[in-house]
Amino acid sequence: MCDRTAKVTRDTQETHITIGIDLDGQGQLTGETGVPFLDHMLDQVVRHGLIDLDVKAEGDVHIDDHHTVEDIGITLGQALAEAVGDKRGIYRYGHAYVPLDEALSRVVIDFSGRPGLFMEATFTRATIGKFDTQLFQEFFQGLANHARLTLHIDNLKGINAHHQAETIFKAFGRALRMAVAEDPRMTGRMPSTKGSL
């Protein structure tokens, strides 16, 4: 098995972010984003995706969380793209349905090389604690663009906004785990008729 790790740093006038990732990890999150609810959501991704993630982020959260959340999505997307490499031998596609009490979400991933986010999620509250629910779209848009993956996210039902968000991030972790898994029948082969992704 090849080394499927990456470390990416993003520096702007608004944020300084470093993310390390191991696609074949144990489901451990270290570091913090500076946005507590995002830390909680990333913990869902790593635990259910069985990846290791080290996140160090400083951002202008004294203004609001927007730049930090978006840039973490971008940096995580870049790290994913680097860690997955040329995609030879992976399943490529992943999907998951995840419930949490009354809430249910579906996430479908294709490491297609064609970035696109298609997200249908109407949160029942504008904020979860202090976290602006509009920022979920910004996070996943940055991630999809920079990981160069097609990402469908649908919150199918839910009353509690925290539950809605948690099912999305858990389902993303499960779908990611499936998509990047190494397919023993595809060893060294590209999962595409084009010969590249």
**Message:** Can you say whether GLN134 is more than 15 Å from LEU104 (Cβ to Cβ), of a type outside the set (Gly, Ala, Ser) and free of Cβ contacts under 8 Å to residues at least 12 places away in the same chain, as far as the supplied structure shows?
**Reply:** yes
Of the candidates PHE111, PHE139, PHE118, the one satisfying the condition of being farther than 29 Å from MET186 by Cβ, of a type in the set (Phe, Trp, Tyr) and touching a residue at least 12 places away in the same chain (Cβ under 8 Å) is PHE139
For the range 150-174 the number of residues that are among the hydrophobic types (A, V, I, L, M, F, W, C), surrounded by 18 or more Cβ atoms within 10 Å (Cβ to Cβ) and out of contact with any Gly (no Cβ under 8 Å at 6 or more places or on another chain) is 6
Checklist entry - GLN26: surrounded by fewer than 19 Cβ atoms within 10 Å (Cβ to Cβ) and either small (Gly, Ala, Ser) or at negative phi (or both), yes or no? => result yes
Flagged in the range 177-195 as of a type in the set (Lys, Arg) and in contact with a helix residue (DSSP H, G or I) (Cβ under 9 Å, 6 or more places away or on another chain), in numbering order, are ARG177
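Name the residue that is nearest to PHE140 (Cα to Cα), counting only residues in the range 61-95 that are acidic (Asp, Glu) and outside any helix (DSSP H, G or I).
So, considering only residues that are acidic (Asp, Glu) and outside any helix (DSSP H, G or I), the one nearest to PHE140 (Cα to Cα) is ASP65.
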Expected output for the range 43-55 (first residue over 16 Å from ILE168 (Cα atoms) and among the acidic types (Asp, Glu), partner at pLDDT 95 or above and surrounded by 22 or more Cβ atoms within 10 Å (Cβ to Cβ), Cβ below 8 Å, 6+ apart or cross-chain) is ASP52/ILE21; ASP52/VAL46; ASP54/ILE19; ASP54/ILE21
Exercise for review: Could you please let me know if GLY49 is touching a Phe, Trp or Tyr at 6+ places or on another chain (Cβ under 8 Å) and crowded, with 20+ Cβ neighbours inside 10 Å?
Suggested key: yes
Residue hits (the range 56-76; farther than 19 Å from THR9 by Cβ and free of Cβ contacts under 8 Å to residues at least 40 places away in the same chain) are HIS62, ILE63
Counting only residues that are over 16 Å from the mean Cα position of the chain (by Cα) and closer than 18 Å to GLY94 by Cβ, the range 152-188 contains a total of 6
All-but-one check, ASN155 against (1) in a loop (DSSP other than H, G, I, E, B); (2) in contact with a helix residue (DSSP H, G or I) (Cβ under 8 Å, 6 or more places away or on another chain); (3) not hydrophobic (A, V, I, L, M, F, W, C), failing number (1)
Checked GLN134, GLN78 against criteria (out of contact with any strand residue (DSSP E or B) (no Cβ under 9 Å at 6 or more places or on another chain) and of a type in the set (S, T, N, Q)); the one match is GLN134
For ALA79, the lone unmet condition from (1) within 19 Å of THR15 (Cα to Cα); (2) touching a helix residue (DSSP H, G or I) at 6+ places or on another chain (Cβ under 8 Å); (3) buried (at least 22 other Cβ atoms within 10 Å of the Cβ) is (2)
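The values are calculated or read from the model by the stated rules, or taken from the named source; none is laboratory data. Since this is a predicted model, take the numbers as computed values, not measurements. No Cβ is skipped: glycine too gets one built from the backbone with ideal geometry, and neighbour counts run over all protein chains shown.
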